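Working notes, structure below.
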Amino acid sequence: MAHSARPGDQHAPGGAGTTGAGRWAMLAVLCASLLLVAMDATILNVALPSLIDDMHPSALEQLWIIDVYGLVLGGLLVSAGAVSDRYGRKRLFVTGFLLFGAASVVAATSTGPWQLIAGRVLLGVGGAMVMPSTLSLIRTIFQDPRERTLAIGIWAAVAGAGAAVGPLIGGALVGTFSWSAAFWVNVPVVVVTVIAALRLLPEYKDAGHGPLDWPGAALSVVGVVALAWGIKHVAKGSAAPADVAALVLGFVVLGLFARRQLRLPDPLLDVRLFTNRAFTAAALATLLAMLAIGAALFLVSLWLQYVHGYSPFAAGLRTLPAALATLGGSLLAPRLMERVGVRGVMALGLTGLLAGFLVLALAPTPTTYPVVAIVLVAIGLGDGLAITASAATLVSAVPAERAGQAGAVSETNYELGVGLGVALLGSIHGAVYARHMAGRPAMARDSIGGAHEKAEALGGVRGEQLMAAARTAFDDALTTTAYVSVGIVAAVTLLVVGLVPRGFRVDSAH
């Protein structure tokens, strides 16, 4: 194995010789980048109404603006993790973050929906280069299992809180400036973080790896994107044959990808890792946790602005309980894992998600904000516990030279979870909303944003009546979506808890 570092670094391979202060300074750099990438998954939630008023995107364009970032990022993470192991984690981290900054400028200067979608695609590419490197570098820098678990807890707190605080930051920026400020804010952070990364972070690459499997990389990207596209459109209830074909294509291509990886001596992703029950459970828990919080933040942000008329900043402020709860759950998880093990923490975290959706489903309509605040706390706490336990399990299950693969699995499920949460549950909500709005103008049936725009055009009593119907329809659809979420979360929770061996601990996983 070859390990290279910046001249003057005083640490052995894996960071074993780095001082405590040095290790935590490195973690701070990684977390700064992670915060920005995680925020971008949800920062547009509260900016969407302002963006709709400016660009007038269709309902399909709105969904793509929100979730294409996570879907592209999720599709590229497996390849990015393999590249980081082979060519250098620091190199990929810095290059990806520079691309992230450039893409932010493209998005911020958009004059139409498709330019903005293109900017979000480039942001996803940059984010895919950054995110596996953060977790794999933690695996490299922190060799002591207990210290590494604490570092992962901080990492998970930043990741979860970033996704949860995105609406608040977005609301403040949109309220003061415009929706484009949600992208301009990235640029100075990128510049500062890249300078710090060049000075502080160690380089790590494994010369023992073979050449990159480009056909496998293409299969992974096509498979993930096709699967996500199919789920998005089939879930809406009016899928065309092409949408069903995309769903089938996604499953087939990912099957071909797995088959190819099993035959390669040096695969992009060692799919045999999934024969480890705890590893598989951790991947599923990450996907479920982010699906839950991604969908909740998306729908709640729209509910706050359109149903209750809050400004973007006021709406973002009211999603803050999710961020604080996620932060608390992530920091609490390492200590809980020492006492009750990984299985107990995962079970507790996923039960929090279940409780949150159950409260939302059973609450009387019209739904009130105190109920939503309880839901956000439950989901945020569950998310923090589940993500931390899962990330620690994934990283501990692989040797240091393949930490990029563990990072790729964790981040793929993280980002794909957010994207699929918006796509799947957002589409279900949209279909139920449209059914409740039957007989109303087409624009109003399309989305509550369209109803708001149509109501403003109508004005007077007719406009008020249309918005009253739209608010009721949105609220009723939220209840139905919560019931669907309860079923999904309950099924996956039972599966995850059943997969984790009793007494499993991360300090003995590898």
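The values are calculated or read from the model by the stated rules, or taken from the named source; none is laboratory data. Every value quoted in this text rests on a predicted model; they were computed, and no experiment measured them. Because the Cβ atoms are built from the backbone with ideal geometry, glycine has one as well, and the counts that use them run over all protein chains shown. Surface accessibility is based on the protein's heavy atoms, side chains included, excluding ligands, DNA and RNA. Shrake-Rupley method; radii C 1.70, N 1.55, O 1.52, S 1.80 Å.
Along its principal axes, what span do the Cα atoms of region 365-510 show, with the longest given first and each in whole Å?
67, 28, 22
D for region 391-463, whole µm²/s, Stokes-Einstein with Kirkwood Rh over alpha-carbon pairs at 4 °C and 1.567 mPa s: what number?
84 µm²/s
Putting +1 on Lys and Arg Cβ atoms and -1 on Asp and Glu Cβ atoms, find which of ALA491, THR479, ILE65 reaches farthest to the positive end of the dipole of the chain.
Of the options given, the answer is ALA491.
Would you kindly calculate the mean projected area, averaged across all directions, of the convex hull enclosing the Cα atoms of region 327-386, in square nanometres?
Spelled out: convex hull of the Cα atoms, projected over all directions, averaged, 3.8 nm².
Among LYS205, LYS90, what's the order by accessible area (1.4 angstrom probe), most exposed first?
LYS205, LYS90
About its Cα centre, how strong a charge dipole does region 214-352 have in debye, to the nearest 20, once Lys and Arg get +1 and Asp and Glu get -1 at the Cβ?
The calculated dipole for region 214-352 is roughly 240 debye.
At 1.4 Å probe size, put ARG263, ARG148, ARG471 in order of accessible surface, largest to smallest.
The ordering from most to least exposed comes out as ARG263, ARG471, ARG148.
From the helices alone, meaning DSSP H stretches of at least four residues, give me the mean residue ellipticity at 222 nm for the chain, per-run term -39500 (n - 2.57), in deg cm²/dmol to the nearest 500.
-26500 deg cm²/dmol
Can you tally the net charge around LEU44? Count Lys and Arg as +1, Asp and Glu as -1, for every other residue whose Cβ sits under 13 Å from the Cβ of LEU44.
-3
Could you tell me what percent of the accessible area of region 288-383 is made up of carbon and sulfur, with a 1.4 Å probe and every protein chain present? Walk me through the numbers before you get to the answer.
On the way: 2480 of 3360 Å².
It is 74 percent, rounded to a whole number.
Compute the acute angle (0 to 90°) between the alpha-carbon long axis of helix 20-39 and the principal axis of greatest extent of the alpha-carbon atoms of the chain; round to the nearest 10°.
It is inclined by approximately 30 degrees.
For region 35-93, take every pair of Cα atoms, bin their distances at 10 Å starting from 0, and report each bin as a whole percent.
20, 38, 24, 15, 3
Round to the nearest 0.05 the FRET efficiency obtained for LEU98 and ASP144 when R0 = 30 Å and r is the Cβ-Cβ distance.
The value I calculate is 0.40.
For region 454-510, what are the per-bin percents of Cα-Cα distances with bins 5 Å wide, up to the bin holding the maximum?
Per 5 Å bin, starting at 0, the Cα pair percentages come out as 4, 15, 12, 10, 10, 8, 8, 7, 6, 6, 5, 5, 4, 1.
Beyond 23 Å, what share of the Cα-Cα pairs of region 267-367 remains, rounded to the nearest whole percent?
42 percent
Any idea what the dipole of region 374-480 comes to, in debye rounded to 20, about its Cα centre with Lys/Arg Cβ at +1 and Asp/Glu Cβ at -1?
For this selection, approximately 360 debye.
How many angstrom lie between the C-alpha centres of region 75-133 and region 374-443?
19 Å
Per residue, what volume in Å³ does the Cα convex hull of the chain take up?
So the per-residue Cα hull volume is 126 Å³.
Please report the accessible area of GLU456 (heavy atoms, 1.4 Å probe, ligands and nucleic acids excluded) in Å², nearest 10.
Here the residue's solvent-accessible area equals roughly 120 Å².
What's the ranking of 332-341, 136-145 by average number of surrounding C-beta atoms within 10 Å, highest first?
Top to bottom by mean Cβ count within 10 Å: 136-145, 332-341.
Defining a contact as two alpha carbons under 8 Å apart and six or more residues distant in sequence, what relative contact order in percent does the chain show?
23 percent
Using the Cα centre of the chain as the reference point, and only Cβ charges (+1 on K/R, -1 on D/E), how large is the resulting charge dipole? Debye, rounded to the nearest 20.
860 debye
Determine the share of region 21-136's accessible area contributed by carbon and sulfur atoms, expressed in whole percent, with a 1.4 angstrom probe.
Looking at region 21-136 in its full context, I get 72 percent from C and S.
Can you give me the accessible area per residue for the chain, using a 1.4 Å probe, in Å²? Walk me through the numbers on the way to the answer.
On the way: 18120 Å² over 510 residues.
That works out to 36 Å² for each residue.
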